[in-house]
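Beneath this line is the structure, given in structure tokens, with notes to follow.
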Amino acid sequence: MPADSSAGRAQGWTTPADLRTLTLKAWSNGALLRELLDPSGAYPRRRTLKRPTAAALLRDYAEARAWAAGLFDAAGPFTLETTQVGRNTIGANHLPSAVVFVSAQDEIAFAGKAGDAARFVELAEGLAGLDPMFRAWALRRPLKLLDLGADALTAARIALWLRDNPEPGVYVRQLSLPGVHTKFIEGNRTVIDELLGTLSAKTAGGDAPEAAVEQVAGVATEAGSLLGQPSPRTPAARFAARHGFLHPPELVRFRSLDAAVQLLGNARDVTVTADAFSTMSLPVTKVLITENLVNFLALPERPGTLAIYGGGYGFSSLRDAAWLRDCEVVYWGDLDTHGFQILDQLRAVHPHVVSVLMDEATLLAHRDVWGSEPAPSTAALDRLTAGEAALYEKLQNDAHGRAVRLEQELIRWDWALARLLG
């Protein structure tokens with residue numbers, strides 16, 4: 001009958017499960033994988049065990065014996081050192097005092113990750129075969145390399161191509177590399193930039209820089225791309241500009257809610273480039289931005305009013321439209337933490353924006369259609385009004401329920417119209 005490997009846990013003695021937890025921690029932070037490429041001298045690695053005292057032996061000899069047997073049964077990937085305990089009380093007993101992993105491979109085997117480790121080494125060698133500098137990236141990002149698998153080699157080939165073709169002057173879609181398509185590049189921009197940064201270190205000297213990425217308005221963007229900074233606006237556009245690719249222009253869709261306001265002939269619903277939108281001068285006094293397409297299409301006639309179909313955090317297309325400063329600008333977003341974060345970021349460019357249907361009365365009047373926000377924002381927002389800030393804090397703190405959200409399309413239309421037209 002096998003020994004109980006959990007014996008001694010209640011006493012605080014180190015069990016095989018405790019050892020495995022320590023080993024998995026070293027795996028999870030990449031330390032074990034790094035040892036395979038760049039041994040640090042940490043092995044043989046000795047881990048001291050918490051073990052029974054002489055008094056514990058005297059008090060509960062059977063449990064101490066089961067504890068020791070559990071460790072001896074688990075030995076194989078590691079060896080056990082023992083020490084003599086209880087000679088003057090219960091008689092000399094040799095109990096495990098430390099485990100020793102001779103090599104990183106042994107500790108990896110103990111964690112049950114030998115297959116993953118072999119795959120990592122294979123991938124790291126594949127990267128180094130493309131360029132030896134990629135070995136430095138594998139050391140920094142071992143778990144990312146494992147997660148990407150063969151895609152890491154594809155990303156590396158793109159990085160090499162970008163190094164050798166710094167100003168391609170074509171669209172990303174036109175990049176002719178086997179197995180490479182637009183969606184792959186879109187999904188792996190950060191990794192490609194990291195790998196290219198590693199290559200850049202070859203000529204610049206020193207450690208390779210990580211890709212400059214930060215969180216702005218809940219989405220990943222590169223440093224220097226905050227609203228108010230020069231174009232390009234979106235992550236895809238910034239990637240294209242950084243590497244000399246062409247990129248489709250950002251678009252703005254808008255509707256005239258006033259039949260007397262001519263846009264393009266008789267057209268009332270128009271889409272233009274963001275650059276073209278920034279140069280327009282329309283005879284309107286009010287602009288209503290909404291994030292929902294049906295709401296955008298359903299808005300009723302309103303003198304001197306223009307409706308803009310927003311795009312979540314993509315509202316940066318409105319950044320350069322200076323003529324909006326001469327209009328009353330109203331923003332209608334989802335009633336959740338990200339809705340307020342979008343409002344806050346919009347005010348970074350147009351401070352005079354006011355919100356509508358983003359108040360506590362609207363929220364509480366639609367309790368029956370509340371949803372749950374998957375990942376509420378925790379950002380500190382300093383451009384909200386007192387009322388907006390108070391509701392934002394309540395949503396963050398689950399004052400009305402866990403991760404409450406009210407999507408704007410679920411607001412009753414009679415309720416919405418009364419406030420939109422009031």
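The values are calculated or read from the model by the stated rules, or taken from the named source; none is laboratory data. The structure presented is a predicted model; accordingly, all values stated were derived computationally and were not measured. Glycine also receives a Cβ, built like all others from the backbone with ideal geometry; neighbour counts cover every protein chain displayed. The area values use the complete protein model at the heavy-atom level, side chains included, leaving out ligands, DNA and RNA. Shrake-Rupley method; radii C 1.70, N 1.55, O 1.52, S 1.80 Å.
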Next on the checklist: Out of the total accessible area of the stretch 243-323 (probe 1.4 Å, heavy atoms of protein only), what percent is carbon and sulfur?
Outcome noted: 59
Next on the checklist: Using a Förster radius of 22 Å, what is the FRET efficiency between Val170 and Thr273 based on their Cβ-Cβ separation? Nearest 0.05, please.
Outcome noted: 0.65
Item to check | Largest-first principal axis extents, alpha carbons of the chain, Å | outcome: 102, 57, 34
Checklist entry - For the pair Trp413 and Leu130, how long in nm is the line joining their label points, each one 7 Å along Cα→Cβ? => result 5.3
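How much length is gained on full extension from Glu328 to Lys183, taking 0.36 nm per residue of separation minus their Cα-Cα distance?
The Glu328-Lys183 span can extend by a further 48.3 nm.
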Checklist outcome for this item: FRET efficiency (Asn29, Glu122; Cβ distance; R0 25 Å; to 0.05) is 0.70
Checklist outcome for this item: Note: Lys144 to Thr378 extended length (0.36 nm per residue) minus current alpha-carbon separation gives 81.6 nm
Item to check | the stretch 26-120: trypsin sites (Lys or Arg not before Pro) falling in loop per DSSP and having at most 13 other Cβ within 10 Å | outcome: Lys50, Arg87
Next on the checklist: Considering only C-alpha atoms, what is the centroid distance from the stretch 267-299 to the stretch 13-59, in Å?
Outcome noted: 62
Checklist entry - Is the stretch 59-178 rounded, prolate or oblate when judged by the Cα gyration tensor, a ≥ b ≥ c being the square roots of its eigenvalues, rounded requiring a/c under 1.5 and prolate requiring a/b larger than b/c? => result prolate
Checklist outcome for this item: Tilt, helix 16-28 to longest principal axis of the chain (alpha-carbon atoms), in degrees rounded to tens, equals 40
Next on the checklist: Connecting C-alpha atoms closer than 10 Å in a GNM of the chain, tell me which of Gly265, Gly387, Gly333 has the biggest fluctuation.
Outcome noted: Gly265
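Sorted by average packing, counted as other Cβ atoms within 10 angstrom per residue and highest first, what order do 14-20, 363-369, 376-382 take?
Going by the mean number of other Cβ atoms within 10 Å, highest first, we get 14-20, 376-382, 363-369.
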Next on the checklist: How much accessible area per residue does the chain have, counting only protein heavy atoms and a probe of 1.4 Å, in square angstrom?
Outcome noted: 48
